[in-house]
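Rule-based calculations on the coordinates, nothing more; no lab input. These numbers come from a predicted model, not from an experiment. Cβ sites come from the backbone with ideal geometry, for glycine too, and all protein chains shown count toward neighbours.
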Amino acid sequence: MVFTTVLSVCRESIFKRQWNANDMRDIVKCNMWAIFLATLMVASVVQLPNEIPEETAPSEAGRQAGGVEAACEGLTFEDMFNYTHAIFNMEINDDWESAEVSAVAWVNGTLADQVRTDLEDLFEPLGTNNGWLSSDEYNAIEQIAAECVTQTNPRVGFRAGPPHRGGESVNWYNATWINTEENPLSLEEYNLMPPNHADERPCTVSSPNNDCTEIPVEPRTPGRDCDTTVNQPDECRIVIWLNGTFEFPGLTFGDGIGNDEFTVAMNTSNMTNADLHLTYPALSGLRVGAFEECDGRLIDAENNDNQGAAPVPGTCTGDGTITQQSRLVSIAGETRLRVDTHVTYDMEDWPIGQDMFFDMTTEPPEVDDPPVWTGSAPMDGEILPVADDGPSHFVSTSQMASWASDDQGSPLITCTGADGWSMTSDGEGLIADAPDGQDSTTVTCHATDSAGQETDARSYTLQVPLRVTGSTSQSTADIVVTPTPGIPSMDVVVTLTQDNAQSSSPTTSVTTESTVSVSMGELSPGPFTVMIQASGTGMASFSHSYDLSLSKESNPPTMTIAMSEWIGENYELTGQISDPDGDPVTITSTINGNDWAEVGVSGNQWLVNGPGIPDSDSNTIVFTACDSWNKCTTLSHDAGATPGGNTGVESTTPPPAVKEEGGGLPGFGIFAALGAIALAGIGRNRRD
């Protein structure tokens, strides 16, 4: 296929030269070119030119699907998104043949510019790569993103049997993504095209979409503000979410060879600042028997071939850029093993190749000491604080790791008691639900390792440390913190939190009912939660987010008129619109009390063109601009008499472009034409 050839030639030219850190940028460009050409296939199927017979569409659609597969197969998540930090959570299902995966990746600073630049550069053959990313270009890639990820390589492998490191005849990476109605894969992003960007403008390149807009791929306004503020979008951050399922050959447990040991492998050659959390099903005695970082093997990531000679287990060399620890967690009443891995290195010092291997076993270790409390654990009789607004965590997994230690990883802390209180657990820690009207109860806790060995028991007071109410004024939120009887003096920090913004108070010493005022200046209009962080002598640290049904009120938009004139018997006005909170704005218009013309809005510009009233000496136009919170501003304008009066002659002024709400794929006429040309010459898939 055309795009397969581009991808192969591009990659081959890179791998034939000496590898260096900058080559990763070129590889991503190659991959994105392939994705773009696959997008042309999508456009051509959706909007076929007239010269392509309609009956050919079904077969062309089938080829298009193959095109996405060919363009994306063998890529990795990192090839598509060069992130600043990512967290991957994998939970193996009880069938030991599939895993649920959720991931979030942050693309910050100049990396966000680079993502937009790479995306916009794909359109160079069409002459639309003008340094501005358009909504048409954005929508083209968005349509195939999830299907593209489905074809990527998770680079994870599971093999039953004694520890080994593969070799030329072993393809370690046997996990593949699935994307079905029962197990759909979803990919979502935030802020690739920031809403209401300060420099947003109508598309300067011809587009069939009346609402096409574009933003600069790099900042154009003076200075660079990488914080979410009232008037400036947070253009320095992109967030990507991935949720899906991958499957792999089963790891069978029971009688038989290799039933008590297996190896998990992953290639991490182009991962950095990534956290991977792998949770196993309940299996008594499961532990990490050995871990190895193996550097130096540069494999063909597209099909996992050419893995080179297999090192002998225990002989790998690495630079220490991978760290790991295991811990026990309790999920739905079952004790499970979770392994946490962190991969990091200097992006200017890219490793030639990097793998990691976990040799898992249920065989007891030769030496297995019981767990012990650490100096960070609360002493016997101290307070474990818990919120009172429903089930909430009172001991987190991170606290478990610091409160108790074991030679086989972080042990599991469990608690009993709490008469009348409901206690449960999940992968994040221990949960309690305080009954109405009760402030405290007593629990007994101990830590247990994978062999069932325990620490000595400690008794704690499980207590609601404080209760919270709140109200808002024009610019601040007043949060009332009331300590419960018997709680020590606390240092409290109050933070107002939204999805993309937060505002915190200074540390306040609280001994009695206290009001903490927090500025809402950095928040957007709408609801926010209140996070309380508290610490005090004789109690564990407390952190909890409360939903107090508080919201920040929106400020109405402002509207100005820049130009107005009669064009025949039509009156045209243009101007600027802005919202102090950055909300989208819609404008309606009436003339002498009746509905007038549609007002088009693009970025901070608006335009309207409509007829005057024949024989009228006055045309009073009233504009009403409203934000998404229904905060409105009105502006009146007297256009005067209609020129020409009632002549019976229709105006020759063309109607204004009206912004339309639409869905589905963008109607790229030129994209469809190019896609059809490519389709006409394609008869084979990439494996031919």
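Here, region 558-638 yields an orientationally averaged convex hull projection of 5.1 nm² when only Cα atoms define the hull. Each residue in E147, E235, E293, E553 was given a count of other beta-carbon atoms within 10 angstrom of its own, and listing them fewest first yields E553, E147, E293, E235.
If you rank E97, E366 by fewest surrounding Cβ atoms within 10 Å, what's the result? Could the numbers behind the result be given before it?
Numbers: E97 14, E366 5.
By the 10 Å Cβ count, ascending: E366, E97.
Counted by Cβ distance under 12 Å from S330, the other residues give a net charge of 0, where Lys and Arg count +1 and Asp and Glu count -1. Summing Lys and Arg as +1 and Asp and Glu as -1 over all other residues whose Cβ lies under 14 Å from the Cβ of L412 gives a net charge of -2.
How charged is the neighbourhood of V464? Take every other residue with its Cβ under 14 Å from the Cβ of V464, and add Lys/Arg as +1 and Asp/Glu as -1.
Values: positive: R467; negative: D388, D389, D433, D436, D439.
Residues close to V464 contribute a combined charge of -4.
Measuring r between the beta carbons of T374 and D260 and using R0 = 22 Å, the FRET efficiency lands at 0.10. Sorted ascending by nearby beta carbons within 10 Å, beginning with the fewest, W241, W106, W132 become W241, W106, W132.
Modelled spin-label separation between T560 and S517, with each label point placed 7 Å from Cα along the Cα-to-Cβ direction: 3.3 nm. Treat region 431-533 as a sphere of radius equal to its Kirkwood radius over Cα pairs and apply Stokes-Einstein at 20 °C in a medium of 1.002 mPa s; give the translational diffusion coefficient in µm²/s, rounded to a whole number. In µm²/s, the coefficient rounds to 132. With the simple spin-label model, which puts each label point 7 Å out from Cα in the Cβ direction, the T574 to E188 separation comes to 3.8 nm.
Defining a contact as two alpha carbons under 8 Å apart and six or more residues distant in sequence, what relative contact order in percent does region 466-552 show? Show your work: numbers first, answer last.
On the way: 204 pairs, mean separation 26.1, N = 87.
Relative contact order comes out at 30 percent.
Database remark: amide H of L462 closer than 5 angstrom to the amide H of L384, T441, T442, V443 (H placed geometrically; neighbours at sequence offset of 5 or more, or on other chains; Pro and chain starts carry no H). Using R0 = 41 Å, the C-beta based FRET efficiency linking D499 and T323 works out to 0.85. Label point of S541 set 7 angstrom out along Cα-Cβ; within region 381-402, amide nitrogens under 15 Å from it belong to 385, 394-402.
Whole-Hz ³J(HN,Hα) for each residue in region 333-346, computed from phi via Karplus 6.51 cos²θ - 1.76 cosθ + 1.60 with θ = phi - 60°, x for glycine and proline: what do you get? Listing the rounded values in order: x, 10, 8, 10, 9, 10, 10, 9, 10, 10, 10, 8, 6, 5 Hz. The charge dipole of region 466-552, taken about its Cα centre with unit charges on the Cβ atoms of Lys, Arg (+1), Asp and Glu (-1) only, comes to about 80 debye.
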